[in-house]
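Visitor: This is the structure I have questions about; it appears just below.
What follows is calculated from the coordinates using simple rules that are stated; it is not laboratory data. Keep in mind that this is a model prediction, so the values were computed, not measured. In this analysis, Cβ positions are derived from the backbone assuming ideal geometry, glycine residues included, and neighbour counts consider all displayed protein chains.
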Amino acid sequence: MVDDRPVLVATEVDDLTADMVIAELNRRSVPVTRFNPADIGAALVVSVRFGERPAPVSGQLRTPSRAVDLARVRSVYWRRPVWPAFGHLGADDARFAAAQVRYGLGGALYALDGPLWVNHPLRNAAADYKPHQLAVAGRLGLAVPPTLVTNDPQAARTFIDRHHRVIFKTLRWTPYRRDGAPVTCWVQPVTAAEVDESVAVVPHLFQAAVDKVADLRVLVVGDEVFAVRIDSGMLDWRMDYSALSYRVVELPAGVVSALLAYLAHFRLVSGSFDMAVDRAGDLWWLELNPNGQWGWLEESTGLPMSSAVAELLTQGAAP
C-alpha cells in the first residue's frame, strides 16, 4: 500500500539545505508541502479544531498549491522558518499581530503529536541554552573545556588568570547591525586586562581555549553519524569558508554513544555538534546546534546527509 501522507517543510524562501532534502523526498515520490510562517494571509491559511470527535486535534493547512490534512501529516521538517514582522503596521499593532501568528499558527502546529518532528521547535528551544548544554555534555562523559558564565568582572579576571588562554563566546547569536551593516561576534581571545565593568551588565561566557589542531562538525540524523574534520588554522573557522579543508573521519564508539544519548536527553532526532581536536588527538565538546547547517559539507565531502534526513522524514511516525 502506497503511503501518501505528506511531509511538511517549514523554512524560508532561500534555503539550499531544505532544497537538497526536498529533492531527495521527490526522488522517493513522497508528497511535500513547503511553507513559511511569514506568508500568513492569502498565501498561507490554517484552520485547526480542538475538542471535536473523533480526533482531539484536526484541521487543514493551505498554500497556493497544496492543501494538507494535518491529521495525516507523516513528518515535519522544521528547518529555518521566518515569522512575520508586519512592518507595515504601527509598533503596537505589529507586536500584537506577530504574537497571534507565533502562538496561533505555531501553537496549532506544535500541538500535532502524530508526525515525526525534525526537530520539534519547543525541544529545539530547550536544547539551545549553552549553559544547559555544557552541563549535559559533562554528565554524559564528554570532555568539556573549563567554562565560566558570569556578569562579575572580578570573577572573569580570576578565571582568565587561572587558565591563561581564554576565549569569549556569545551565549546566543542575535541579528546585529552597526551603521546599517550586519556584523557578528566571532569566538575571540580575551585577556584579564580587557575585562571592564561593562561585563556586569549581562552574563558573559568565558572558556579555556583548547590547544586545538582542527575542528569537527558532526551531524547526527536518527542513528546515523556523519563526522567531518575541518582544518583551518583559525580560532573560529566560520570567519573564512574559502580557507577550509575537509576530511571525513570516524568517531570513537564512546563519543558516538554519548552524542546519541545527548540527543535522546533533549528528545531530538537530529543535531549538529561542534567539537575540537587537540594536539593529542583527544576530542573536546564545544556545543550543539539543534538545527545547524550541513549542506555545504555534503557538497564538499559527498556524505549522504540529505539522503539520511529525507529517509528519516520518509519513515515518519507510524500511521
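Visitor: Among residues other than ALA125 whose Cβ falls under 14 Å from its Cβ, what is the net charge (Lys/Arg +1, Asp/Glu -1)?
Guide: The answer is +4.
Visitor: So if I average 1/r over every pair of distinct C-alpha atoms in the chain and take the inverse, what Kirkwood radius in Å does that give?
Guide: Final number for the Kirkwood radius of the chain is 21.8 Å.
Visitor: Something else about it: How big is the dipole moment of the chain about its Cα centre under a simple scheme where the beta carbon of each Lys and Arg is +1, that of each Asp and Glu is -1, and everything else is neutral? Debye, nearest 20, please.
Guide: With only Lys, Arg, Asp and Glu charged at Cβ, the dipole is about 660 debye.
Visitor: Also, I was wondering about something else. What's the extension gain from ALA317 to LEU16 if we count 0.36 nm per residue and subtract their Cα-Cα distance?
Guide: My answer for the length gained is 105.8 nm.
Visitor: Taking a temperature of 20 °C and a viscosity of 1.002 mPa s, what whole-number D in µm²/s does Stokes-Einstein yield for the range 9-80 with Rh from Kirkwood over alpha carbon pairs?
Guide: 161 µm²/s
Visitor: For every helix of n ≥ 4 consecutive DSSP H residues, a contribution of -39,500 (n - 2.57) applies; sum these over the chain, divide by its total residues, and give [θ] at 222 nm rounded to the nearest 500 deg cm²/dmol.
Guide: After summing the helix terms and dividing by residue count, I get -8500 deg cm²/dmol.
Visitor: In whole percent, what relative contact order does the chain give with Cα contacts below 8 Å and a gap of six or more residues?
Guide: Answer for the chain is 19 percent.
Visitor: So which chymotrypsin sites (Phe, Trp or Tyr not before Pro) in the range 104-147 pass both tests, a DSSP loop state and at most 15 other Cβ atoms within 10 Å of the Cβ?
Guide: Sites meeting the loop and neighbour criteria: TYR129.
Visitor: State the answer as a single residue: which of SER300, THR174, HIS164 lies farthest towards the positive end of the charge dipole of the chain, with beta carbon charges of +1 for Lys and Arg and -1 for Asp and Glu, about the Cα centre.
Guide: Comparing the listed Cα positions along the dipole, THR174 ranks first.
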